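**Q** So that we are looking at the same thing, I have put the structure below in structure tokens.
The values are calculated or read from the model by the stated rules, or taken from the named source; none is laboratory data. The shown structure was predicted, so the numbers you read here are calculated from the model rather than taken from an experiment. All Cβ positions, even for glycine, are placed from backbone atoms using ideal geometry, and neighbour counts span all protein chains on display.
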Amino acid sequence: MTYVLRDVLVVLGLAAAAARLDSWLVWPLYWAAQGTMFWALFVLGHDCGHGSFSNNAKLNSVVGHILHSSILVPYHGWRISHRTHHQNHGHVEKDESWHPLPQKLYNSLDFMTKKLRFTMPFPLLAFPLYLFARSPGKSGSHFNPNSSLFQPNEKKDIVTSTASWLAMVGILAGLTFVMGPVQMLKLYAIPYLVFVAWLDMVTYLHHHGHEDKLPWYRGKEWSYLRGGLTTLDRDYGLINNIHHDIGTHVIHHLFPQIPHYHLVEATEAAKPVLGKYYKEPKKSGGCDATLSILLGTSSCARDHCYNEARL
């Protein structure tokens with residue numbers, strides 16, 4: 001809970017300071033900082049979804065709902081689809097996000113879908129659309145309890161999460177009425193977009209970009225271990241501590257129950273065991289990789305958004 005309290009206090013402090021100063025010299029700095037803190041809140045909620053935040057399932061659910069709803073993410077809906085991603089990572093047909101599309105499916109997409117899905121920087125803002133309509137070739141919504149994403153016994157969870165999400169929308173609407181739309185745009189909406197860019201960018205960087213080209217598997221070729229080893233670690237420098245070492249992604253995929261504050265030491269312990277199967281780019285994360293992804297100039301961005309999309 002210490003991490004939650006730290007992040008929440010920083011979020012509130014940043015908002016209070018920006019509103020008080022109300023200077024166009026301050027707002028861009030606030031948007032970058034607050035959007036990054038929204039991303040940090042998401043990572044803690046992500047731990048709740050994996051059950052690695054606490055041994056108490058109810059505490060995981062309560063904290064997860066508060067954190068994720070505050071940044072307009074349906075906690076259980078996303079938790080379950082993310083579980084699908086972990087259970088099928090590296091599988092061409094079954095993986096949940098950022099997976100390459102078969103040639104036939106790619107050709108069937110309309111022009112606008114291709115543009116928004118595979119042309120940078122649009123994919124960096126695709127997360128809200130994904131929540132409502134998933135990825136091309138997949139049906140269902142993270143808000144609909146009857147979606148094919150969920151099992152019948154999970155319907156109550158989805159109703160709860162959707163209700164929490166709607167409650168947050170109501171709170172934001174009330175604040176907009178009181179404070180005005182321009183102020184809410186500056187305080188919440190723009191940081192939200194920065195958070196979405198962080199989420200999509202980090203997800204992309206953790207699953208693409210190694211110089212040897214990470215494999216994707218089909219049918220019996222796939223296994224949980226093989227899939228887990230097709231992810232990458234990334235070093236985000238000063239941001240590592242802020243977003244709770246999410247860059248230690250290989251060990252997270254193999255053992256998602258490990259709390260974020262043990263991921264670094266677990267990774268160091270696993271490297272000698274994994275040997276050549278542990279893949280880490282020579283230039284991991286950092287400003288160069290981040291900016292190249294944002295600008296759409298990196299080779300891994302081009303490969304995934306064009307060539308790999310048409311396997």
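**Q** Do you know which of the residues in the range 178-237 that are at pLDDT 90 or above and among the polar types (S, T, N, Q) is farthest from P256 (Cα to Cα)?
**A** Once the filter is applied, the top-ranked residue is Q183.
**Q** Something else: Would you tally the residues in the range 96-125 being in contact with a Cys (Cβ under 9 Å, 6 or more places away or on another chain) and part of a helix (DSSP H, G or I)? Spell out how you get there, then give the answer.
**A** First, pick out the residues of the range 96-125 that are in contact with a Cys (Cβ under 9 Å, 6 or more places away or on another chain): 117-120, 123.
Filter once more, so that each one left must be part of a helix (DSSP H, G or I): 117-118, 123.
The total comes to 3.
**Q** Any chance the range 206-219 includes a residue that's buried (at least 18 other Cβ atoms within 10 Å of the Cβ) and among the hydroxyl-bearing types (S, T, Y)?
**A** yes
**Q** Taking the options W216, W198, W222, name whichever one is within 30 Å of L101 (Cβ to Cβ) and more than 23 Å from the chain's Cα centre (by Cα).
**A** Only one candidate passes the filter, namely W222.
**Q** Which members of the range 37-66 meet the condition of being within 18 Å of L263 (Cα to Cα) and hydroxyl-bearing (S, T, Y)?
**A** Passing the criteria: S52, S54.
**Q** So which of V194, V264 is farther than 26 Å from V92 by Cα, out of contact with any helix residue (DSSP H, G or I) (no Cβ under 6 Å at 6 or more places or on another chain) and of a type in the set (V, I, T)?
**A** Numbers: V194 fails: out of contact with any helix residue (DSSP H, G or I) (no Cβ under 6 Å at 6 or more places or on another chain).
Just a single option satisfies the conditions, and that option is V264.
**Q** Is it the case, given these coordinates, that K94 is charged (D, E, K, R) and either surrounded by 13 or more Cβ atoms within 10 Å (Cβ to Cβ) or under 22 Å from S147 (Cα atoms) (or both)? Please lay out each step first, then the result.
**A** Values: charged (D, E, K, R): yes; either surrounded by 13 or more Cβ atoms within 10 Å (Cβ to Cβ) or under 22 Å from S147 (Cα atoms) (or both): yes.
Against the criterion (charged (D, E, K, R) and either surrounded by 13 or more Cβ atoms within 10 Å (Cβ to Cβ) or under 22 Å from S147 (Cα atoms) (or both)), K94 qualifies.
**Q** Looking at (1) more than 23 Å from L232 (Cβ to Cβ); (2) assigned to a loop (DSSP other than H, G, I, E, B), which is the one condition that is false for P128?
**A** Single failed check for P128: (2).
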